[in-house]
Amino acid sequence: MSDGVATILIDAVKHWERTADVVVIGQGVAGACAALEARAAGAQALILERASGGGGTSATSEGIFYLGGGTAVQTACGYQDDAATMFTFLRASTSAEDEKLRAFCDGAAAHFDWLEAQGVRFARSAYKGKAVALRTGEGLLMTGNEKVWPYRDQARPAPRGHQVTPNAQGSGAAAMVALLDRCREAGVEALYDVQATNLIVDGGGRASGVRVRRGDATLDVRARKAVILATGSFNSNPDMVRENVPLISSTSLPIGIPYNDGSGIRLGESAGGALEGMDGMIATASIYPPAQLIKGVIVNTRGERFVAEDVYHGRLASCIAEQPDQTAYLIVDEAIFAYPEAERAQHRLIDGWETIAEMESGLSLPPGALQATLSRYNHDAAAGEDSLFHKHPDYLQPLDHPSYAAFDISFNKSVYAFLTLGGLKTDAGGRVLDADGAPVAGLYAAGACAAQIPHDGKEYASGLTLGPGSFFGRQAGRAAAREQA
Ligand SMILES: Cc1cc2nc3c(=O)[nH]c(=O)nc-3n(C[C@H](O)[C@H](O)[C@H](O)COP(=O)(O)OP(=O)(O)OC[C@H]3O[C@@H](n4cnc5c(N)ncnc54)[C@H](O)[C@@H]3O)c2cc1C
């Protein structure tokens, strides 16, 4: 039992409104892929969706799938990648379990082919610059910390952000239109406007069905083989966010649909599922584009740098959130001055100064601190080696063209949009695990209601939700279809 959500004993069910082999809760990317794969394995799959149609947050997303290991797009664009290199990078940069990571990396290229076979389209072209997401139609970009030290020395960097060819509503919408069409064609049935409120379990605790609310009615749906939870994250549940994610500030902006309220996590918990990484979030507000701003330096209230400025924007956000008073300033000179393009982030220009000493005093930094920071940075930049944080030489340039300006990029003053990353603990097959690591019988979870591969924003790369969410959704669908009825 958890937070008022209780399981219902099967003996208490008087009437089964519907019965299916595999019952999937939620029709975002994870649920759609789970149902498609269960159906392909011969099971009768039924989706229960709270909204009046499928799509979820997935349909509102940028449609970037993190995939690699030598996908058709990577190969067509001349990039070398293989499962071992992808694994080495993700092993070094995330804290996911080996088994899950290995399954994802080994299966990623074939999963890309499967997505295309469902009608999800990716252009055979790559964007070479640094961008958060593309508006220019290319199918591939570098979306994480692959070129960031120390990872660039551990695994050959390869772009793995595969962005879907957009329709008029965008890339996420295009992906979901294709997957929803495919669900219909494959004979996956979906009931809309039904909200799962409880799991139904048998005497041994096996998930055997779902209680749903439809309008004022309460209905029970039988799952002969298994239930798959695919309800998305909990970032639209302010209480759950406050309880679990300590770094969130009053200016942090939850993104996603209102139905990402953590209900699937609560349902899984009620049946004995353990939770993992619940304090994790990916917050995003970027100083780039334009990429020239990455040549600036970022300091805290001590006037000290604390991160390489070229890291992935989610990693930067997490590092800023951990600074004293969650405060950080982006310092630029006249040679690289520009306004950050992401207006929603509200990275405010504080002021301009003729000297670093005047800026130091204008920002109320400890006397001498910023001057020392800039002196070391400019020396390093001239030598082409950032001795402190190993920022990539591409972004090293002495800041020696007065005047100087500072943007306030503090975590609690700028607007950082966030997504939660924690959820139900699952294995590589998508089975929900209990506190002892044993599977909860008949219960699977995938997508953002399951703990994700990155456990916090420092580990994230764009696409690491849709990529693994769709991949592990399929794993869950396949395994659920194999369960005994
Ligand atoms: C603006 C934006 C851009 C993004 N861009 C990217 C990106 O490019 N790449 C990436 O990897 N990630 C991206 N993300 C994150 C990503 O979109 C989500 O994490 C991902 O879509 C989650 O997929 P899901 O299938 O788990 O959940 P969802 O797509 O949210 O689907 C969950 C479904 O479950 C339903 N549901 C919820 N509760 C219940 C219930 N109790 N009963 C029945 N149904 C229920 C919901 O209505 C919903 O349809 C982005 C997010 C946003 C907001």
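The values are calculated or read from the model by the stated rules, or taken from the named source; none is laboratory data. This is a predicted model, so every value here is computed, not measured. Quick reminder, even Gly has a Cβ in these numbers, built from the backbone with ideal geometry, and neighbours come from all protein chains shown.
Observations, loosely collected:
- Residues located in segment 52-83, provided they are buried (at least 18 other Cβ atoms within 10 Å of the Cβ) and near the ligand (Cβ under 8 Å from one of its atoms): GLY54, GLY55, GLY56, THR57, SER58, ALA59, SER61, GLU62, GLY63, ILE64, PHE65, TYR66
- Residue match in segment 441-464 (condition: modelled with pLDDT of 95 or more, surrounded by fewer than 24 Cβ atoms within 10 Å (Cβ to Cβ) and more than 30 Å from VAL307 (Cβ to Cβ)): yes
- Any hit, segment 454-466, residues being more than 12 Å from the ligand (Cβ to nearest atom) and in a loop (DSSP other than H, G, I, E, B): yes
- Candidates ALA175, ALA110, ALA131, ALA158 - the one that is aliphatic (A, V, I, L, M), buried (at least 20 other Cβ atoms within 10 Å of the Cβ) and under 23 Å from THR88 (Cα atoms): ALA158
- Flag if PRO402 is free of Cβ contacts under 8 Å to residues at least 40 places away in the same chain, more than 30 Å from SER252 (Cα to Cα), in a loop (DSSP other than H, G, I, E, B) and outside the structural domain of THR231 (by TED's automatic domain parsing): no
- Test result for LEU180, in contact with a helix residue (DSSP H, G or I) (Cβ under 7 Å, 6 or more places away or on another chain) and crowded, with 24+ Cβ neighbours inside 10 Å: no
- Of the residues screened, PHE87 is not one that is within 15 Å of the ligand (Cβ to nearest atom) and either in contact with a Leu (Cβ under 7 Å, 6 or more places away or on another chain) or within 27 Å of ALA435 (Cβ to Cβ) (or both).
- Candidate set: segment 302-339, residues that are within 17 Å of ILE350 (Cβ to Cβ) and aliphatic (A, V, I, L, M); chosen: the one surrounded by the fewest Cβ atoms within 10 Å (Cβ to Cβ): ALA338
- Any hit, segment 263-273, residues being part of a loop (DSSP other than H, G, I, E, B), more than 16 Å from the ligand (Cβ to nearest atom) and either farther than 26 Å from SER95 by Cα or not assigned by TED's automatic domain parsing to the domain that holds ILE331 (or both): yes
- Residues considered: ALA428, ALA485. Of these, the only one that is in a loop (DSSP other than H, G, I, E, B) and under 22 Å from the mean Cα position of the chain (by Cα) is ALA428.
- Only one of the listed residues (VAL29, VAL5, VAL23, VAL73) is under 30 Å from GLY161 (Cβ atoms), in contact with a strand residue (DSSP E or B) (Cβ under 8 Å, 6 or more places away or on another chain) and β-branched (Val, Ile, Thr). That residue is VAL73.
- In segment 139-150, residue nearest to the ligand (Cβ to nearest atom) [restricted to those that are in a loop (DSSP other than H, G, I, E, B) and crowded, with 20+ Cβ neighbours inside 10 Å]: THR143
- Residues of segment 386-423 classified as among the basic types (Lys, Arg) and closer than 18 Å to TYR339 by Cα, total: 1
- Residue check for SER252: within 14 Å of the ligand (Cβ to nearest atom) and farther than 15 Å from GLY26 by Cα: yes
- Within segment 218-262, restricting attention to residues that are in a loop (DSSP other than H, G, I, E, B) and free of Cβ contacts under 8 Å to residues at least 40 places away in the same chain, the residue that is surrounded by the fewest Cβ atoms within 10 Å (Cβ to Cβ) is PRO246.
- Search result, residues across segment 396-415 that are touching a Gly at 6+ places or on another chain (Cβ under 9 Å) and closer than 28 Å to PRO150 by Cβ: LEU396, LEU399, PHE407
- Single match in GLY469, GLY442, GLY447, GLY429 (criterion: touching a Ser or Thr at 6+ places or on another chain (Cβ under 8 Å) and either away from the ligand (no atom under 11 Å from the Cβ) or not assigned by TED's automatic domain parsing to the domain that holds ALA226 (or both)): GLY442
- Condition met for ALA485 (at pLDDT below 95, away from the ligand (no atom under 16 Å from the Cβ) and over 30 Å from THR284 (Cβ atoms)): yes
- ARG135 vs. criteria of a type in the set (Lys, Arg), out of contact with any Lys or Arg (no Cβ under 8 Å at 6 or more places or on another chain), more than 27 Å from MET278 (Cβ to Cβ) and within 14 Å of the ligand (Cβ to nearest atom): yes
- Any hit, segment 367-387, residues being β-branched (Val, Ile, Thr) and outside any helix (DSSP H, G or I): no
- Here VAL188, VAL210, VAL201 are screened, and the one residue that is within 13 Å of the ligand (Cβ to nearest atom) and at pLDDT 95 or above is VAL210.
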